[in-house]
Amino acid sequence: MRVLVAPDSFKGSLTATEVCEVIGMALARHGVQAVPLPMADGGEGTIAAMLLASGGERVEDLVSGPLGERVTAARAVLPDGTAVVELAQAAGIHLTGGRRVAEATTFGVGQQLLAAARGGARRIIVALGGSGTTDGGCGAAAACGARFLDDGGAAFVPVGTSLARIRQLDLSGVDAALARSGGAKIVAMCDVDNPLTGADGAAAVFGPQKGADAETVRRLDAGLAHLAGVIRRDLGVEAERLPGAGAAGGMGAGLVAFFGAELRSGIEVMLDAVSFDELLAGADAVMTGEGSFDRQSLRGKVIHGVAARARRAGVPVHVLAGRVDPAAAAEASGLGVAGAQAITPEGQPLEAALAHARENLARAAEGLAGELARRRRGS
């Protein structure tokens, strides 16, 4: 019997790789072959997951951090030459401490894009989760040669509070390796579909999570709206209302406008990158999971993407999660999910559940592995 183990991380307790290890050991004890495929939908852990699933090389770049400090940011080079950049490595909220969002820059992300493209990558995947910035991707573009000019014609690197100063945008100096025409193809992994501006936009929805108060949110939204107008006028690109434009503080819109990027569902990009459909062809079942399985899990997240692909292939999916929302479990049955099980013992407080996640998962995985093995023997 062969089982694909394709979980997301259990946030706050276990990485996706650790989840694969725990489940894999349980399956092995019952004579079941496990194929570990740690998943990510564009957030933290995307590089590690792709390297483990596909092979390749981890590369480190010394770049500018979100507040101007020097940071070491990792990227991946996959066997086919595709580069994978995690925005959070150079501009993540963990680097800002959830403060100064209006001053934070994606400049270091642009430095990574430039290093990848100059290194020969013709395709670059950018994971947009976990950002601490709201600069519309202007910092990244500036690092690659774009010029943002103010009223006096002076070039500057815009951040959230200075987006409204942009009077002209010039992409003529963008490095040829990343130019909209003829440069590397960029694919952005989005795990949200928010537009750039408005009540559902980058500032209003994600600004408070990054430490922005109400007045700062208003200024950031106005700045992003101004940026969208300049992009429309100078580049002829309408990015403001694109689903995913508001991802990573407007980086989604910036990648489209400045580099001609494609915005795609993060989990779909991940599944394609690891040849998930091919692996499904020889699988008897799939085991997936995450920290909390709720209705949001069925809106383009890891479990939804995995289940949709497995359903098309006729392979049953089993979910293990820290907690399971009964409504989500009922809805998931229509997506081909054979069962969803909470690993946390009833009544265990959240703090204890996080502390004992590994043993809780091991116990639940052992039970599910035994059940799958018995079914196989009885078939």
> What list of ³J(HN,Hα) couplings, whole Hz, do you get for the stretch 175-190 from phi and the Karplus terms 6.51, -1.76, 1.60, once you set θ to phi - 60° and write x for glycine and proline?
Replying inline: 3, 4, 5, 10, 4, 4, 10, x, x, 4, 7, 10, 10, 9, 8, 10
>> Could you derive backbone 3J(HN,Hα) for the stretch 321-335 from the dihedral phi with the Karplus parameters 6.51, -1.76 and 1.60 (θ = phi - 60°), listing whole Hz in sequence and x where the residue is Gly or Pro?
In response: 9, x, 9, 10, 7, x, 5, 5, 4, 5, 5, 5, 4, x, 9
> GluC sites (Glu not before Pro) within the stretch 309-367: which are DSSP loop residues with at most 15 other Cβ atoms inside 10 Å?
Replying inline: E346
> Tilt of helix 357-378 relative to the longest C-alpha principal axis of the chain, in degrees (0 to 90, nearest 10)?
Replying inline: 50
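If I take every Cα pair under 8 Å that is 6 or more residues apart in the chain, average their sequence separation and divide by the length, what percent do I get for the relative contact order?
With pairs under 8 Å counted, the relative contact order is 18 percent.
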>> Amide H of I186 versus every other amide H placed in the peptide plane: which residues, excluding those fewer than 5 positions away on the same chain, fall under 5 Å?
In response: I124, E262
> How many Å² of accessible area per residue for the stretch 61-128, probe 1.4 Å?
Replying inline: 35
> Short version: ³J(HN,Hα) in whole Hz for each residue of the stretch 82-89, in order, from phi by Karplus 6.51 cos²θ - 1.76 cosθ + 1.60 (θ = phi - 60°), x for Gly and Pro, what are they?
Replying inline: 4, 9, 10, 10, 9, 3, 5, 4
>> Taking the 0 to 90 degree range and rounding to the nearest ten, how far is the long axis of helix 302-313 tilted relative to the main principal axis of the chain, both from C-alpha atoms?
In response: 60
>> Before I look further, what does the stretch 135-230 give for accessible area per residue, probe 1.4 Å, in whole square angstrom?
In response: 38
> Under a 5 Å amide H to amide H cut-off, with H placed in plane at 1.01 Å, what residues pair with Q168 once short-range neighbours are removed?
Replying inline: L149
> Given a Förster radius of 41 Å and the C-beta distance between R312 and R122 as r, what FRET efficiency does 1/(1 + (r/R0)^6) yield to the nearest 0.05?
Replying inline: 0.90
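FRET efficiency for S172 and E60, Cβ-Cβ distance as r, R0 = 30 Å, nearest 0.05? Could you put the intermediate results ahead of the total?
Numbers: r = 31 Å, r/R0 = 1.04.
After rounding, the FRET efficiency stands at 0.45.
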>> For the chain, give me the percentage of DSSP beta bridges that are antiparallel, rounded to the nearest 5 percent.
In response: 35
>> Counting only protein heavy atoms and a 1.4 Å probe, tell me what percentage of the chain's accessible area is made up of carbon and sulfur.
In response: 50
> For the Cα atoms of the chain, what angle does the longest principal axis make with the long axis of helix 107-118, in degrees from 0 to 90, nearest 10?
Replying inline: 80
>> Using a Förster radius of 41 Å, what is the FRET efficiency between A327 and A281 based on their Cβ-Cβ separation? Nearest 0.05, please.
In response: 0.80
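The values are calculated or read from the model by the stated rules, or taken from the named source; none is laboratory data. Nothing here was measured: the structure is a model prediction, and the numbers come from that model. Neighbour counts run over all protein chains shown; Cβ positions are idealised from the backbone, glycine included. SASA here: full protein model, heavy atoms, side chains in, ligands and nucleic acids out. Shrake-Rupley method; radii C 1.70, N 1.55, O 1.52, S 1.80 Å.
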